[in-house]
1. List the strands (runs of 3 or more DSSP E) inside the stretch A:6-72, counting only whole elements, that have at least 1 residues being at the interface with chain B (Cβ under 10 Å from one of its Cβ atoms).
2. So, of the residues in the stretch B:126-159 that are within 10 Å of another protein chain (Cβ to nearest Cβ) and either farther than 20 Å from residue B:6 by Cα or touching a residue at least 60 places away in the same chain (Cβ under 8 Å) (or both), which turns out to be surrounded by the most Cβ atoms within 10 Å (Cβ to Cβ)?
3. Within the stretch B:95-105, is there a residue that is within 16 Å of the chain's Cα centre (by Cα), without any contact (Cβ under 8 Å) to a residue 24 or more places away in the chain and closer than 21 Å to residue A:5 by Cα?
């Protein structure tokens, strides 16, 4: 899992300032230091959400990384 | 600051990407991180090995300026000017990168809007975007100050 792949926020715990971020079938918990909501696409590094990403850019990036992963497997 | 350290403070933030890609082992990454946080730097040979793609561009600058690749001005020129231009022009591997990744790769000048000192985190804004970055290298920076950011790190204060 490359940390530059955007993930989708599927749950936010505002008391703990944490969010669950989904990457396909994998889920990771990350700390938030700014407001995020369910459905937002984010970049996580070292267990913190470092930025939000517009949906169109996120989908472009996910497509790019999935293509590269496929080529590595081949 | 030595040219090695100056190169390293800007290069280290992308080492995490190299770790997750499998280009660096966890042990190699941890050794680099220790030096990064302790105001130290690997030697020139090690830096040229780990961050080899950068030296293709640094060599080009050194030839243009007619200076050694480890001349401080050459390293400074790379991180403060040429690096973003290479990304914007889509040279080399950047031709394929999506905008999300290019934005993380670019060096940005960002303004501090909040400090989370217990976690060594700064919330910064740049180009109408916000980002959370680690503050280890700029412990004295205050809200309103400007810092250079690369990936998940604030690298140095803007004078």
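1. Numbers: elements: A:7-13, A:18-23, A:26-31, A:41-45, A:48-53.
Correct list: A:26-31, A:41-45, A:48-53.
2. Here is the first cut: in the stretch B:126-159, the residues within 10 Å of another protein chain (Cβ to nearest Cβ) are B:129-134, B:149, B:151-153.
Next, only the ones that are either farther than 20 Å from residue B:6 by Cα or touching a residue at least 60 places away in the same chain (Cβ under 8 Å) (or both) stay: B:129-132, B:151-153.
Numbers: B:129: 14, B:130: 19, B:131: 24, B:132: 23, B:151: 24, B:152: 23, B:153: 26.
That would be B:153.
3. Of the residues in the stretch B:95-105, the ones within 16 Å of the chain's Cα centre (by Cα) are B:101-105.
Of the ones still in play, those that are also without any contact (Cβ under 8 Å) to a residue 24 or more places away in the chain are B:101-102.
Applying the additional criterion that residues be closer than 21 Å to residue A:5 by Cα yields B:101-102.
Yes: the stretch B:95-105 contains one or more residues that are within 16 Å of the chain's Cα centre (by Cα), without any contact (Cβ under 8 Å) to a residue 24 or more places away in the chain and closer than 21 Å to residue A:5 by Cα.
Read-outs: derived from the displayed coordinates by stated rules, not from any lab. In this text the structure is predicted, and so the values were computed from the model without any measurement. Note that we place each Cβ from the backbone using ideal geometry, even for glycine, and neighbour counts take in every protein chain shown.
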